[in-house]
């Protein structure tokens, strides 16, 4: 099996094909701390693409509750268990993190889904460790949360207070998910017809619908379960990263690359998407003023989802700060503690970059940060907080300014009924 | 949710498992939401409305467990810092003749392009 560099694992790993990297890579950061599961992103995906015959199921974004939920149900617990059974007790990280050694999260010594397949699966054509979810596991995107019943016999009305929604009596959080457009896609590795390809210009992973015969090997292989078989077209589909927008061919874009619909619609402002430059070995090229590079490689507050699976996903998450660390370390790797510490105590630049989220629908390629005077000093829950009137300026692909954000002194608007009061 | 109690052999029934949690996690979750939405410019009434809506299960669960008084205290703490300032976003000037300059795109034009 050819060896490829997986910088997230801090080592080389076996992959089905030789390494090939795009000119730029589609990537995104989701800030879980802000997500309230309003499902606006989910509906944006659905309403954008399911408008014609044959497109009824072109709907790939979802938001699920963790640790209970999942779409399909328990997708992550199942693949983690399969890996553990393939390599009992050895699925561990070692080596301290060292950016100098190209190991920002340390080194993963366990087996990836590709390596485990090579050692445990037969015949040789089985390239990726995975499973095919049964239909029941797909039937409720948010099982027990997506269909609160109204009164018996009362149609088309939710319960007025929503009190029949389930109660989680412990910690939980919402995990928004789209396809990670992985650098080493498991779906692509598994397809016997080579119908899946990674676009050389932006790294978006697509399924050629003319080539696909619906064998569902990609559905079985994708550990994130973002390849979905459609019975009505007898082919498999997956998230297309709203590529007309990313290409800048959307009529609203003026030829500038735009963020996907799920990103643009996010009312919680948890999402930022971009295109990052790559080195020859697939690692991110230094691009200090790219906000995604800053969040992932400088501030290191955004971490890949289940990096130990080995696909080098290009979706990154700012972990929820209230969730027990062992669970988060399993989900996001060893960088969790440092990420949360930095996020809870943000420096001036991080605070400024966080203000770039959802201020524009166009992709931000570069930002500038201008320091301003101090406007507040105090404490919050025992931690010192100092705020400055800093300015962060965002630039698009053509180098022109998109917008700028500054801090202003508070503006108190007098209520209308007291408009003439002193 | 189903109307009736599930059949004993229904494979779709979730089996509840106690997940070890920190007693402070509800307070931390409430503080996280309060901080985030205060940073986004939400006021006290708006943030408390988020907690009171049962459809935002995370925030609402924190309210159910901590109570109105404690959640209000957490929100006021956040606003005590992040409410001191507000963010001003200034879009770059629109280039003459650009799509943005021409105003909103009508849906008919968008559909025409897709066809």
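The values are calculated or read from the model by the stated rules, or taken from the named source; none is laboratory data. Please read all numbers here as calculations on a predicted model, not as lab measurements. Positions of Cβ are generated from backbone atoms using ideal geometry, with glycine treated the same way; all protein chains shown enter the neighbour counts.
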The listed residue being under 19 Å from residue A:34 (Cα atoms), in contact (Cβ under 8 Å) with a residue 60 or more places away in the chain, at the interface with chain B (Cβ under 10 Å from one of its Cβ atoms) and in contact with a strand residue (DSSP E or B) (Cβ under 9 Å, 6 or more places away or on another chain), out of A:358, A:321: A:358
Residues of the range B:18-40 satisfying the condition of being at the interface with another protein chain (Cβ under 7 Å from one of its Cβ atoms), modelled with pLDDT under 90 and either touching a helix residue (DSSP H, G or I) at 6+ places or on another chain (Cβ under 8 Å) or closer than 14 Å to residue A:270 by Cβ (or both): B:19, B:22, B:40
All positions within the range A:300-350 that are surrounded by fewer than 18 Cβ atoms within 10 Å (Cβ to Cβ) and assigned to a loop (DSSP other than H, G, I, E, B): A:324, A:345, A:346, A:347
Tally, over the range B:41-74, of residues that are within 14 Å of residue B:25 (Cβ to Cβ), buried (at least 23 other Cβ atoms within 10 Å of the Cβ) and more than 10 Å from chain A (Cβ to nearest Cβ): 0
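Report, by residue number, each residue of the range A:373-386 that is in contact (Cβ under 8 Å) with a residue 24 or more places away in the chain and facing another protein chain (nearest Cβ under 9 Å).
The first filter runs over the range A:373-386 and keeps only residues in contact (Cβ under 8 Å) with a residue 24 or more places away in the chain, leaving A:375, A:383.
Passing the criteria: only A:375.
Show me the strands (runs of 3 or more DSSP E) found entirely inside the range A:1-96 where at least 1 residues are in contact with a strand residue (DSSP E or B) (Cβ under 7 Å, 6 or more places away or on another chain) and within 14 Å of chain B (Cβ to nearest Cβ). Full working, then the answer.
Working: elements: A:3-6, A:11-14, A:24-31, A:62-66.
Correct list: A:24-31, A:62-66.
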From A:375, A:407, A:353, residue being modelled with pLDDT of 90 or more and either crowded, with 18+ Cβ neighbours inside 10 Å or in contact with a strand residue (DSSP E or B) (Cβ under 6 Å, 6 or more places away or on another chain) (or both): A:353
Filter pass, residue A:345 being more than 30 Å from residue A:113 (Cα to Cα), within 9 Å of another protein chain (Cβ to nearest Cβ) and touching a strand residue (DSSP E or B) at 6+ places or on another chain (Cβ under 9 Å): no
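Take the residues in the range A:97-106 that are part of a helix (DSSP H, G or I) and in contact (Cβ under 8 Å) with a residue 40 or more places away in the chain, then tell me which one is nearest to the other protein chains (Cβ to nearest Cβ).
First, pick out the residues of the range A:97-106 that are part of a helix (DSSP H, G or I): A:99-101.
Narrowing the set further to residues that are in contact (Cβ under 8 Å) with a residue 40 or more places away in the chain leaves A:99, A:101.
Details: A:99: 28, A:101: 33 Å.
Within the range A:97-106, the match that is nearest to the other protein chains (Cβ to nearest Cβ) is A:99.
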Residue in the range B:43-87 that is farthest from residue A:383 (Cα to Cα), counting only those that are within 11 Å of the chain's Cα centre (by Cα) and not in a helix (DSSP H, G or I): B:55
